[in-house]
Every structure is written in C-alpha cells, then in structure tokens.
Amino acid sequence: MNKNKRRKTTLFLVVLFSLAGIQKISPVLSQDLQLTPIFEDVNLYPKSPQNRMIIRGLSGGPVSAKETTGRNDTVTGPCVGFIDRKPDHRLILNGFFQSLKLEVKSSEDTTLVVRGPGGSWCNDDFEGKNPGIMGQWFSGTYEVWVGSYQRNKYYPYVIKITKED
C-alpha cells in the first residue's frame, strides 16, 4: 500500500470511529462498511449470481479531476473535485455488462471519475449529492476515483455496484 493510501486508511479509521454515534450513513450501509476492507479492487463476471457488491474508501486527494481526465466534462457529467494520483479502486470486468451501475453514498458531497476501455467518465449529483454512473460496460479494467470538492479533504464513502441481467 502506498504512502497516500496508508494515510487515507488511517484517516478513514479515525473518521469511522468518530462517526460511530452519528447516523449520517444508513444502518444498512454501516453494516456493509464493517464487512469489507477499504480501497478494495473488484473482479466481476457477467454470469455471476452476485448482483450487488459494496466497496468503501475515503474520497479526495491533491489532484484535480480535470487534470486526470484531461476534460471539463463527459457525457455522464462534469469532471469536478479533487482525487488521488492513483485510483481508489480497480474494477475488472470479465465480459460485457448490458447494465451496470456504480453509486457512491457518502454523508458529504462527493464526485466520481472512472477511466477504462473507451475513455473517461465523470459524475456529480447522480442521486442528490451522490455521484454515480450507469449503462453498458465493456470488458476490461476500470480505474475508479471518488473525489471531494476541496483539495485534500477526505470523507468516508461506499460504492454500491449493481448489475442487472
């Protein structure tokens, strides 16, 4: 684990324990937070019986999302916020997905950047202040970043990955 990820992991644990009594994230997502490691990479198969997965981490970083993507916006939304130099997660898709949805849930306003086969996609405010991307996804490796609006501000999040058959 690189230095920045270790720092964010430590910060995540401090924030998580300090939020223990605060109900900003729903109890169901809080239970999922306790079951999965942070900054996890994911392998998905189109024919897998598992239709839903949750991963978690800390948003934010020192780099502008625009700098990483090289664009101001994409067809899925604006490239705003600040992210890490390296992705928070890698999503490895082992086949074509007709319908796949990534939804970020956080108590703070976050942004999303995904880079993979065919380009980069960004989003802000997919559902309320939570970003997300939904649609058809080609086979390959996707890098996923969750951003914060202020440079070097870090907030806990979960990403719900849902596939539909």
### Query
Based on the Cα atoms of the stretch 32-83, what semi-axes does the equivalent ellipsoid have, where each is the square root of 5 times one gyration tensor eigenvalue, given in whole Å with the largest first?
27, 17, 9
### Task
Scan around residue 111 for amide H atoms under 5 Å from its own, H built in the peptide plane at 1.01 Å from N, and keep only partners 5 or more places away or cross-chain.
147, 148
### Task
Could you list which residues have their amide H under 5 Å from that of residue 74, counting only those 5 or more apart in sequence or on another chain, with H placed in the peptide plane?
79, 122
## Note on the structure
Quotient of Cα radius of gyration and Kirkwood radius for the stretch 73-158, i.e. Rg/Rh, equals 0.95
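Expressed as a whole percentage, what fraction of the accessible surface of the stretch 52-165 belongs to carbon and sulfur atoms when a 1.4 Å probe is rolled over the protein heavy atoms?
For the stretch 52-165, the apolar C and S fraction of the accessible surface comes to 46 percent.
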### Message
Which order do you get for 141, 68 if you rank them by accessible area with a 1.4 Å probe, largest at the top?
### Response
141, 68
### Query
Got a sec? What order do 47, 163 fall in by accessible area at 1.4 Å, biggest, i.e. largest, first?
47, 163
### Sequence of 56, 90 from largest to smallest accessible area, 1.4 Å probe
90, 56
## Note on the structure
Taking Rh as the Kirkwood radius computed over alpha-carbon pairs of the stretch 30-132 and applying Stokes-Einstein at 37 °C with viscosity 0.692 mPa s, one gets a diffusion coefficient in µm² s⁻¹ of 225
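The values are calculated or read from the model by the stated rules, or taken from the named source; none is laboratory data. Quick caveat: nothing in here was measured; it's all calculated off a predicted structure. With ligands, DNA and RNA removed, areas are computed over all heavy atoms of the protein, side chains included. Shrake-Rupley method; radii C 1.70, N 1.55, O 1.52, S 1.80 Å.
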